[in-house]
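The values are calculated or read from the model by the stated rules, or taken from the named source; none is laboratory data. It should be emphasised that the depicted structure is a prediction, and the values quoted were computed from it without experimental measurement. Cβ atoms come from the backbone with ideal geometry, glycine included; neighbour counts cover every protein chain shown. These area figures cover heavy atoms from the full protein model, side chains too; ligands, DNA and RNA do not enter into them. Shrake-Rupley method; radii C 1.70, N 1.55, O 1.52, S 1.80 Å.
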Amino acid sequence: MSLEKNEKLELTRHSLSHVMAAAVLKLYPKAKFAIGPAVDNGFYYDLDFAKEKLSDSDLAKIEEEMKAIIKANLPFEKSELPVAKALAREKKSGQIYKLELIQDLKKQGDASTGSAQVKTVSYYKLGEFEDLCRGPHLKSSGQIQLGSFKLEKLAGAYWRGDEKNKMLTRIYGLAFSTRQELENYLKMIVEAEKRDHRKLGKELEIFTFSDEIGAGLPIWLPKGAILREELEKLAKEKETELGYQRVSTPLITKEDLFYKSGHLPHYKESMYSPMEIDGEKYYLKPMNCPFHHTIYASKPRSYRELPLKLAEYGMCHRYEKSGELQGLFRVRAMMMNDAHIYVRPDQVKAEIKEVIELHEYYYKLFGVKTIKYRLSKHDPKDLGGKYVNLPKAWEANEQILREVLQELKADFYEAENEAAFYGPKIDINIYSVIGKEYTLGTIQLDFAQPQKFNLTYIDKDGKDKMPYCIHRAPLSVHERFIGFLIEHYAGAFPVWLSPVQVKIVSVGATHVEFCKKLAKEFIENNIRVEVDETDETVGNKIRKAVAEKVPYMLVVGDREMNSDKLAVRDRGEKTTREIAKREFMEEVKEKIKNR
């Protein structure tokens, strides 16, 4: 999508949020309005309907009113009011959320300069509806193409994302440039619902959750454990090729380590509360990096040792708000494909390029065809707050990452206020086979923590120098990556990754022993196999195996017992093929070996 088209779509989505609010006001005059931004794929508005409860059937009413407003081709008219008058206006109107927003704008100005920096606020009028809004909007409602938007769903949302505040009603809408783009997206949504990893994860017995254990703490069932182990095996093989060294670190540590790293206080909101042990505070680790820095600092280092690549499959725990937990995508316990690369300044670019190539190797292996990179930068206005206060270092390191992406001719864009507190990063968006977007990989260039930990190496000139640290996790946290894989493959994993690679179906009770002996041969050849020996009809057993999405199904009856050939039904096929047992085993082993 061109920049010009993208900007127009952003304007359209923002304008539709305003149109929806105007429609709501007409239908529900007592509604209170909070915020209504444009978002990826559309827009939303948070509203307070007091005691009135909306249902999905009400969305059609609101949508019809929106269409009437669009057909009326009403202009978006901007006006400005002094802050004091705006405050008086919202007090009189009873729009308590708008009043709070203006009060906050005034406070921000007072805090930054000692006097009110914000002198005026802007409003946009559309017919009878006038809303506090920064803008901009389209010239008129008639510029919105009918059929290019649709109200999607209702959801609950705490005012300002704070669980202590009131729960508001959020109305989500979808919006695209054309009717066809919307229809394509709706088809993708239908397909995505079929592929939802939470639904398939339960059906395929991959993972579960338990209230007794706690929200956001996934439990891996036997088949899910196989997925994790196969991913870990893959990563270990590649990392060994690339010169990584494996380490292992504790799950808890004294709080001093996190003060030293800067995670306290920068990251405190995402950490579990401390526990008291022997009169000292200990924290569950939310990430491995401070531990790896300690390993680096455990002995003197020479420039000849760099790059030093320390990798760990470490379990981490992070506190996520209960309302933000989402299956495997947002969890509180996670296994990370983590590593930290300590490099000299002259090695930074080459090592980042190698890490990007590793990401792309994995994505190609999993059939990911579209990759977009985001250069996540700091916010200069938040130095000393959210970000370490080293302005020149931020600019220099963001430029390094920018040059790497330019030299690789990568498809990337830049985003302010998305960096880690200790340095800029490259975040990687990938797309599943149906076009659903996921942000999984990250590559972070850390210039702050090596300084905090006093990490040095003795350079050629005999002087102590400070290394950079590259944080990377190409396979993300395994929970999130497996969630992506379940949806990407719709549960039909490639042979090497499938928890069960061959399912043997016995036609009757007299064939069970033969099936078990056959299964033993597969196991001896390192092929994962299950035997369905239940007392059910063959047709029912076949339907179950199809639902389990196993790559190969073997149906064993009298003919197969008396032959060295197998009747193999490949996943997705309705007929079987005949193949010699040894030949079939070699076929499966070859697919496992070559992934």
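Give Lys353, Lys409, Lys364 a once-over and let me know the one that is at pLDDT 90 or above and open to solvent by less than 60 Å² (accessible area, probe 1.4 Å).
After applying the criteria, what remains is Lys353.
Return yes or no: is Ala157 part of a helix (DSSP H, G or I) and either surrounded by fewer than 14 Cβ atoms within 10 Å (Cβ to Cβ) or of a type in the set (Gly, Ala, Ser) (or both)?
no
Out of the residues in region 545-559 meeting the condition of being of a type in the set (Gly, Ala, Ser) and closer than 19 Å to Val512 by Cα, tell me which one is modelled with the lowest pLDDT.
Gly557
List, please: which pairs have Cβ atoms under 8 Å, are six or more places apart or on different chains, and start with a residue in region 201-220 that is free of Cβ contacts under 8 Å to residues at least 24 places away in the same chain and part of a loop (DSSP other than H, G, I, E, B) and end with one that is surrounded by 12 or more Cβ atoms within 10 Å (Cβ to Cβ) and among the basic types (Lys, Arg)?
Going by the 8 Å Cβ cut-off, the qualifying pairs are Glu205/Lys223.
Residue by residue through region 13-65, note down the ones that are touching a Gly at 6+ places or on another chain (Cβ under 9 Å), among the small types (Gly, Ala, Ser) and not in a strand (DSSP E or B).
Ser17, Ala21, Ala22
Take Leu186 and decide whether it is modelled with pLDDT of 95 or more, within 24 Å of the chain's Cα centre (by Cα) and not hydroxyl-bearing (Ser, Thr, Tyr).
No, not satisfied.
For region 502-523, does any single residue satisfy the condition of being outside any strand (DSSP E or B), modelled with pLDDT under 90 and touching a Ser or Thr at 6+ places or on another chain (Cβ under 9 Å)?
Within region 502-523 (the criterion being outside any strand (DSSP E or B), modelled with pLDDT under 90 and touching a Ser or Thr at 6+ places or on another chain (Cβ under 9 Å)), the answer is no, since none of the residues qualifies.
Cβ-Cβ below 8 Å, separation at least six or inter-chain, first residue in region 446-472 and acidic (Asp, Glu), second part of a loop (DSSP other than H, G, I, E, B): which pairs?
Pairs that qualify, where the first residue is acidic (Asp, Glu) and the partner is part of a loop (DSSP other than H, G, I, E, B), are Asp446/Tyr422; Asp459/Arg344; Asp464/Thr456.
Kindly evaluate Glu80 against the criterion of being in a helix (DSSP H, G or I), more than 37 Å from the chain's Cα centre (by Cα) and of a type in the set (Asp, Glu).
In short, no.
What are the residues in region 296-339 that are within 19 Å of Ile352 (Cα to Cα), in a helix (DSSP H, G or I) and polar (S, T, N, Q), if any?
Result: no residue meets the conditions.
Being modelled with pLDDT under 90, touching a helix residue (DSSP H, G or I) at 6+ places or on another chain (Cβ under 8 Å) and closer than 24 Å to Ala492 by Cβ is the filter here; which residues of region 560-581 pass it?
Within region 560-581, no residue meets the criteria.
Tell me which of these Gly173 doesn't satisfy, since it passes every other one: (1) surrounded by fewer than 16 Cβ atoms within 10 Å (Cβ to Cβ); (2) outside any loop (DSSP other than H, G, I, E, B); (3) in contact with a helix residue (DSSP H, G or I) (Cβ under 9 Å, 6 or more places away or on another chain).
Result: Gly173 fails condition (1) only.
Does region 81-98 contain at least one residue that is within 25 Å of Leu154 (Cα to Cα) and without any contact (Cβ under 8 Å) to a residue 24 or more places away in the chain?
no
For (1) on the phi < 0 side of the Ramachandran plot; (2) surrounded by 20 or more Cβ atoms within 10 Å (Cβ to Cβ), each residue gets a yes or a no:
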site: Phe522; (1), (2): yes, yes
site: Asn526; (1), (2): no, no
site: Met585; (1), (2): yes, no
site: Val588; (1), (2): yes, yes
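Give me the pairs, please: first residue somewhere in region 498-517 and touching a residue at least 40 places away in the same chain (Cβ under 8 Å) and within 11 Å of Met561 (Cα to Cα), second residue anywhere and open to solvent by 10 Å² or more (accessible area, probe 1.4 Å) and part of a loop (DSSP other than H, G, I, E, B), beta-carbon distance under 8 Å, and either six or more positions apart or on two chains.
Cβ pairs passing all conditions: Ser506/Glu533; Cys515/Glu533.
I'd like the full set of residues that are acidic (Asp, Glu), open to solvent by 50 Å² or more (accessible area, probe 1.4 Å) and closer than 21 Å to Ile579 by Cβ, limited to region 539-564.
Asp558, Asp564
Please tell me if Thr120 is of a type in the set (Val, Ile, Thr) and either under 19 Å from Ile62 (Cβ atoms) or open to solvent by less than 20 Å² (accessible area, probe 1.4 Å) (or both).
no
For the structure I just gave you, tell me whether Lys593 is closer than 29 Å to Ile486 by Cβ and either among the charged types (D, E, K, R) or surrounded by 17 or more Cβ atoms within 10 Å (Cβ to Cβ) (or both).
It is true that Lys593 is closer than 29 Å to Ile486 by Cβ and either among the charged types (D, E, K, R) or surrounded by 17 or more Cβ atoms within 10 Å (Cβ to Cβ) (or both).
Would you mind finding the one in Ile400, Ile371 that is surrounded by fewer than 23 Cβ atoms within 10 Å (Cβ to Cβ), touching a residue at least 40 places away in the same chain (Cβ under 8 Å), more than 30 Å from Leu227 (Cα to Cα) and touching a strand residue (DSSP E or B) at 6+ places or on another chain (Cβ under 9 Å)?
Ile400
So, Glu418, is that one at pLDDT below 90, open to solvent by 40 Å² or more (accessible area, probe 1.4 Å) and acidic (Asp, Glu) or not?
Yes, satisfied.
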